[in-house]
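Asker: Let me give you the structure first, and then I'll get to my questions.
The values are calculated or read from the model by the stated rules, or taken from the named source; none is laboratory data. Because the structure is predicted, anything quoted here is derived from the model rather than measured. No Cβ is skipped: glycine too gets one built from the backbone with ideal geometry, and neighbour counts run over all protein chains shown.
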Amino acid sequence: MNRILLMLAFLAAVAPSAAFANSAEVMLFPTRVIMDNNRHFAQVILKNSGDAAGDYTIGLTDLKMQENGAVVAYNAGETPQYSALAFLHAAPSSMTLRPGEINYIHVIFHTPETPLEPGEYRAHLQVHLVHANAEAAPAPDAMKGIRVRTNLVMSIPVIVRVGATNAIMGVAEPRLTHDAKGTPAVEFYLTREGNMSAMGDVAITCATGGGKPRQIKVAPGIAVYRPLTRRFVSVPFDENPAGVNLSACRLGIVYRAQKEQGGKVLAAGEVP
C-alpha cells in the first residue's frame, strides 16, 4: 500500500501540462515491467494528465528494437522473436478517465504448459488514446469549428525471464565526433551477448594527467533488447562541461545497471 501511495504522489508531482487546451493525455508508471516464475502479476498505473476526459484502449503487442534504439512494429510477414504474447494477459481492454484520474492495468503471466527454454521473452503493453473530448473553438471567420487532435499511443516493455538468464555487454568502436556546428559527441556501440536484455545508464568520464576519471555527462535509461546484438549510442555535449577541455581528456564510457538493479558496471571502454 505504501508503494502505491508513493507512486501516486510521484505521478502527481511530475504530471506535465497538457499540450492543448481541453485535451486528454497519457502517463504510464512504471516504464517497464519485469516478470518471472516468482512474479506472475503486475500493476501498471495509467493516468490522464490532461484536462479533458479520454477514452483508452489497452492491449499487448510485439515490437522490436532497431540498431539505432528505435522501438518499432514488425514488418508484415516478419516473425517476432522471443515473443511473450502467448502467455501474457492485460486487463481491462479499455477505460475512460476524467482529467487527473488514475486507474490500474493488470498484467498477468500464465505459465505455458510446454516449458520454455531459459531466457528472456518480451511483449509491449500498448495504451491508445482513441478519443480526446473535442472542443468547439471560434474559427477566424467567427464560425464554430472542431479542434482536431492527434491520437496518442504509448507502450512499455513487459519482460518475462525464465530460468537462468545472462547478458554480456561490451563497448565497441568508441569515437569523439563533431557535427557541422562543431558540437561534440561521444559515439559507440553497446554490444550484447546472452539470453536477456540489458538496461542501464551511460556515463561519460574525463581523466587528465594521472588524475582519476570524473563524470561529465550521463545518458540514462539506455536499453539493448534481445535479440539485438548491438545498439548505436550517441551522447552529445550541448556545450563543453565547465572547466573541461575535451581534447585533453582521456574520455571513458561506463555502462552501469540502474540503481534499482544494483548499479553494477555492465561494460566500459575508452575513446582512443
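Asker: Could you list, in sequence order, the residues of segment 74-123 that are among the hydrophobic types (A, V, I, L, M, F, W, C) and part of a loop (DSSP other than H, G, I, E, B)? Give the steps one after another, and end with the answer.
Answerer: Going through segment 74-123, the residues among the hydrophobic types (A, V, I, L, M, F, W, C) turn out to be 76, 84-88, 90-91, 95, 97, 102, 105, 107-109, 116, 123.
Answer for segment 74-123, where residues must be among the hydrophobic types (A, V, I, L, M, F, W, C) and part of a loop (DSSP other than H, G, I, E, B): Ala76, Ala84, Leu116.
Asker: Report, ordered by the first and then the second residue, all pairs with beta carbons closer than 6 Å, sequence separation of six or more or different chains, a first member in segment 168-183 that is farther than 14 Å from Ile222 by Cβ, and a second member that is loosely packed, with under 12 Cβ neighbours inside 10 Å and not basic (Lys, Arg).
Answerer: Ile168/Glu193
Asker: Being hydrophobic (A, V, I, L, M, F, W, C) and touching an Asp or Glu at 6+ places or on another chain (Cβ under 8 Å) is the filter; apply it to segment 186-197 and report the residue that is farthest from Val224 (Cα to Cα).
Answerer: Step one: of segment 186-197, the residues hydrophobic (A, V, I, L, M, F, W, C) are 186, 188, 190, 196.
Subset that is touching an Asp or Glu at 6+ places or on another chain (Cβ under 8 Å): 188, 196.
On the way: Phe188: 13, Met196: 9 Å.
This residue is Phe188.
Asker: While we're here: Scan segment 19-55 residue by residue and report those that are acidic (Asp, Glu), part of a loop (DSSP other than H, G, I, E, B) and in contact with a Lys or Arg (Cβ under 9 Å, 6 or more places away or on another chain).
Answerer: Matches in segment 19-55: Glu25 only.
Asker: A further question on this structure: Return yes when His131 is at pLDDT 95 or above and in the same structural domain as Tyr104 (by TED's automatic domain parsing) and no when it is not.
Answerer: no
Asker: Still on this structure: I'd like to check something: does segment 172-185 contain any residue that is within 14 Å of Arg231 (Cβ to Cβ) and of a type in the set (S, T, N, Q)?
Answerer: no
Asker: Can you pull out the residues in segment 69-91 that are exposed (fewer than 13 other Cβ atoms within 10 Å of the Cβ) and not small (Gly, Ala, Ser)?
Answerer: Val72, Asn75, Glu78, Thr79, His89
Asker: If you go through segment 207-246 one residue at a time, how many are basic (Lys, Arg) and touching a Cys at 6+ places or on another chain (Cβ under 7 Å)?
Answerer: Of the residues in segment 207-246, the ones basic (Lys, Arg) are 212, 214, 217, 226, 230-231.
Going one step further and asking which of them are touching a Cys at 6+ places or on another chain (Cβ under 7 Å), we end up with 214.
So the answer is 1.
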